[in-house]
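What follows is a single structure, written as structure tokens, with notes after it.
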Amino acid sequence: MNAHQNTQPDVHQSQSHRKRVRNRPVNNTPSPNGNRYTPGKESQTNNGRNLDRKIPTRTQSSSSAESQRSVYDEIPHDYVTSKNPSKHKNVNNNIGSISSNPVMRNPHGVVSMKPDGTGHDSIRHSNISSTTPDMIDLNASSLSQGSNISVVTLGGIEYPVGTRIGKTGMFVIGDPTTFSQPEITSCHSSMPSVISSTAPIYHNNGMAYSFDSWNWSVIRFAIFIVICVIMLALLAAVIALAVGQQDSCVAHFEWWKGSTFYSLSVPYFYDSDNNKIGDILGVEKKTSYFELMAFGAVVLKNFFPSKLNQWEAVMSFTDVDPRIGSLSDFRVLVDSLHEKNIKLMIQLCPWYTSTDHIWYKESRESSIVSLNKYRDFYIWSNEPNPLKGGQWEYDEVRSQYYLHYGDKSKPVIDWTNEKVRNAFNDVLKLWLQRHVDGFILCDLNKFYTEDFDFLQQYHSTLVSYSQGINDQKVLAVDSEFISETARLNNPLFEDFIGLRDPNSRTVDMILTPFYIEDRNRTEGLVSRIQKALEWQFGEDGPWIIWNMVRLSETNVNYISALHLLELMLPGTPLFTAGQEIGVYYKDNSTKYQAPMMWLPDSSVPTNPGSRLGSDHVWAMRNISTTRRNVFSLRFDRIPGPKVMSINYDIVAMDQKENFIVFSRYYTSDKTYYFVGNFGNKMIKKDLQQIVTPWATVLADSSNKYFGRLELRDVILDPGQAVVFYPTK
């Protein structure tokens with residue numbers, strides 16, 4: 001077939017071929033200047049230049065319904081006129097005489113045009129009369145030249161040159177003098193134009209609208225899947241945050257607040273080398289027991305070099321007694337405890353030393369006029385001074401008397417001396433360098449001074465060695481000192497517990513005695529608890545350490561119930577080694593006759609002569625483990641929008657029967673109850689009136705109740721206590 005003739009395609013041509021044909025301009029009619037469009041080659045004059053470009057042969061089926069669809073469906077169904085009517089005729093001799101009459105619309109609502117001078121409808125059938133005046137050629141293959149219009153009126157609306165029109169922006173209104181036809185490639189047909197006297201509307205067929213052929217149903221489905229996955233991920237993140245909230249908060253809780261402390265005298269704890277004296281390595285071998293009991297810290301005492309059977313008469317504050325170990329053994333112990341996330345503290349009573357201490361030796365060998373820094377580390381006098389209290393002992397080497405309190409082998413240190421304070425600060429630094437986590441200073445009320453501002457210096461030293469919330473170094477003192485300071489209206493009292501400025505607090509914890517009296521057992525016990533917690537509930541006040549002290553013979557039966565109550569109190573419970581198996585004191589002595597008994601196949605200590613067996617140890621463990629991870633027991637208050645509120649309550653108390661119900665709670669946590677009988681008779685109580693009908697037992701001092709418990713009729717023996725939380 002001749003390349004210069006239109007090819008009539010097969011009516012059965014493929015759909016893809018139809019789509020290609022649909023967008024190709026069809027024009028076998030002469031142009032207004034008499035030239036006929038020749039397939040395969042287009043001659044165009046652009047700014048005085050002749051551009052000869054080879055283009056592919058295009059065919060169009062007039063009989064195919066698909067081929068009848070035209071790009072002109074995109075043109076707004078209105079007329080096209082020029083902003084400048086004077087240029088409606090003979091523009092560059094390319095159009096000829098063109099009428100300014102509006103473009104007509106057929107009943108189908110589609111723009112239909114007739115080419116000039118042919119009378120042939122090359123688009124589709126039209127209802128426009130053949131006598132219609134000259135129409136605008138929408139399928140012209142050549143571009144008009146020489147116009148300079150800037151605005152085109154389309155349907156009564158003015159459009160600047162370059163405006164895109166049509167549903168998808170496939171047409172661009174343009175001026176032939178400023179627009180050149182895009183470069184034609186083998187995959188794109190020539191760009192048809194709509195000529196309106198002076199302004200063409202360019203078909204945007206050659207521009208990149210590749211998304212028209214995308215599979216949007218698949219894309220929408222993929223986007224839907226992605227959104228669902230994102231929503232599920234966000235939901236999982238919210239659930240994870242909600243579940244992990246409690247652990248997260250506990251992780252940011254100071255290690256010394258709420259966990260259980262365990263104090264032990266090294267010579268009386270565990271003998272690892274069978275010399276009948278407990279030792280440092282013996283403590284290290286029992287670190288698994290500390291971990292089992294969920295102890296947060298171990299407090300060591302009586303391990304400094306001292307005289308035989310007088311572990312309190314310290315000969316050096318910086319070393320370990322060779323009978324119980326070495327500094328190397330001490331480092332092993334520290335590392336073993338820290339590996340189990342257990343802290344190590346040291347208890348000191350530095351208001352006196354042994355006469356064999358290096359400080360005393362240096363001091364007694366110094367004359368009154370000596371420059372030796374140890375000269376005035378102790379209280380010396382030429383004559384006994386009754387006004388200073390205590391007793392006086394004559395030292396023949398120094399030829400003076402020194403002060404002591406009943407034991408001449410324990411001279412009293414002069415804490416008014418600035419050199420003494422600095423020397424002890426060096427002691428603290430040395431142990432901090434050995435990775436000790438804190439100190440308990442006992443008997444400060446016996447210190448020979450009325451000025452305790454050195455505590456601020458010591459606290460600052462501990463802070464300088466602290467590294468984050470999980471490695472805070474802490475300082476604790478006994479409550480007798482705090483109470484005495486408050487009674488004397490010492491202005492330093494407010495600084496000690498941070499009443500005036502929480503940031504300048506010099507004491508982190510207060511060691512508070514915990515015991516029960518022979519009379520008014522419950523009333524006196526509750527009164528002491530509430531009074532002590534007043535310090536703790538102050539604005540960032542010091543933390544309370546509950547330290548169970550000696551019990552009278554008549555109150556020994558209540559030791560198990562007191563242990564469970566101590567573990568339920570706000571603050572930090574501290575137990576002395578042996579108390580968990582019923583070893584108690586009949587006097588003020590802290591000495592054991594022998595180390596604690598440990599059976600070879602037992603993970604806990606034993607005491608065959610005690611009413612407290614291993615069941616009581618496990619009951620203590622249950623509460624100690626729970627308070628380490630539960631807000632209700634570890635926190636001491638509930639944060640509020642303005643102020644904090646306490647999180648404990650005396651639910652019920654019967655002073656006549658010495659019966660008490662004590663609760664701990666938290667906003668988002670369970671409520672835990674302690675029910676104890678401190679009387680001498682068995683009692684029966686209906687607790688569902690104040691709690692719930694059913695509960696789950698956490699611990700029972702007598703091991704009578706366990707698991708699920710109905711609270712309608714609870715029978716408690718004398719000295720029995722039960723800890724539980726309500727269940728449905």
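The values are calculated or read from the model by the stated rules, or taken from the named source; none is laboratory data. Model, not experiment: these values are computed from the prediction. Note: ideal-geometry Cβ built from the backbone for every residue, glycine included; neighbour counts use all protein chains shown. The accessibility values were calculated without ligands, DNA or RNA, using every heavy atom of the protein model including side chains. Shrake-Rupley method; radii C 1.70, N 1.55, O 1.52, S 1.80 Å.
Would you mind computing, in nm to one decimal, how far apart the modelled labels at Gln310 and Ser466 are, each placed 7 Å from Cα along Cα→Cβ?
The modelled label-to-label distance comes out at 3.8 nm.
How large is log10 I(q)/I(0) at q = 0.23 Å⁻¹ when the Debye formula is applied to the Cα atoms of segment 596-728, each weighted equally and without solvent?
One equal scatterer on each Cα of segment 596-728 leads to -1.40.
Antiparallel versus total DSSP beta bridges in segment 306-465: what percent is that, nearest 5?
Expressed as a percentage, antiparallel bridges in segment 306-465 total about 70.
List, in order, the whole-Hz ³J(HN,Hα) value for each residue of segment 680-694 obtained from phi through the Karplus relation with A = 6.51, B = -1.76, C = 1.60 and θ = phi - 60°; use x for Gly and Pro.
10, 10, 5, 10, 10, 10, 9, 8, 5, 6, 10, 10, 9, x, 10
How many nm separate the modelled label positions at Asn385 and Ile230, each set 7 Å beyond the Cα in the direction of the Cβ?
Each label point lies 7 Å from its Cα, and together they span 8.1 nm.
Taking only protein heavy atoms and a 1.4 Å probe, what accessible area per residue, in Å², does segment 252-292 have with all protein chains in place?
35 Å²
From the cross-link list Lys373/Lys410; Lys285/Lys446; Lys286/Lys307; Lys301/Lys446, which pairs have alpha carbons spaced over 30 Å apart? Walk me through the numbers on the way to the answer.
Details: Lys373/Lys410 20 Å; Lys285/Lys446 36 Å; Lys286/Lys307 26 Å; Lys301/Lys446 19 Å.
From Lys373/Lys410; Lys285/Lys446; Lys286/Lys307; Lys301/Lys446, over 30 Å: Lys285/Lys446.
Over the Cα atoms of segment 213-339, what radius of gyration and what Dmax do you get, in Å?
27.8, 98
Once the Cβ-Cβ distance between Trp618 and Arg519 is put in as r, and R0 is 25 Å, what FRET efficiency do you end up with, to the nearest 0.05?
Working from the Cβ atoms, E equals 0.15.
Would you list Met620, Met682 from the most to the least accessible area, probe 1.4 Å?
Final ranking, largest accessible area leading: Met682, Met620.
Using only protein heavy atoms and a 1.4 Å probe, report how much of Arg331 is accessible, in Å² to the nearest 10.
Per-residue accessible area (Arg331): approximately 130 Å².
What percentages, rounded to whole numbers, describe P(r) for segment 258-316 computed over all alpha carbon pairs with 5 Å bin width beginning at zero?
Whole-percent P(r) values from 0 Å outward: 4, 18, 25, 23, 15, 9, 5, 0.
Using the Cα centre of segment 354-441 as origin and beta-carbon charges of +1 (Lys, Arg) and -1 (Asp, Glu), tell me which of Tyr360, Leu441, Ile379 is placed farthest towards the positive end of the dipole.
Leu441
Let me spell out the model: positive unit charges on the Cβ of Lys and Arg, negative unit charges on the Cβ of Asp and Glu, origin at the Cα centre of segment 398-488. What dipole size does that give, in debye rounded to 20?
It works out to roughly 340 debye.
Quick one: net charge of Asn703's neighbours, Cβ under 14 Å, K/R +1, D/E -1?
On the way: positive: Arg611, Arg621, Lys704; negative: Asp615, Asp700, Asp717.
Neighbour charge sum, excluding Asn703 itself: 0.
Highest mean first, what order results for 408-415, 360-367 on Cβ atoms within 10 Å?
Per-residue Cβ counts within 10 Å, averaged per peptide and sorted highest first, yield 408-415, 360-367.
Per the Debye formula with a single identical scatterer at each Cα and no solvent contribution, what log10 I(q)/I(0) holds for segment 306-453 at q = 0.17, 0.20 Å⁻¹?
-1.02, -1.31
Given a 1.4 Å probe and every protein chain left where it sits, what share in percent of the accessible area of segment 322-455 is carbon and sulfur?
The computed percentage sits at 46.
List every residue whose amide H lies under 5 Å from the amide H of Leu698, counting only residues 5 or more places away in sequence or on a different chain, with H placed 1.01 Å from N in the peptide plane.
Under 5 Å from the amide H of Leu698: Val723, Phe724, Tyr725.
Could you order Ser213, Ser610, Ser265 so the one with the most accessible surface comes first? Probe is 1.4 Å.
If we order Ser213, Ser610, Ser265 from most to least accessible, we get Ser213, Ser610, Ser265.
Highest mean first, how do 715-724, 652-661 rank when packing is the count of other Cβ atoms within 10 Å averaged over residues?
In decreasing order of mean packing, 715-724, 652-661 become 715-724, 652-661.
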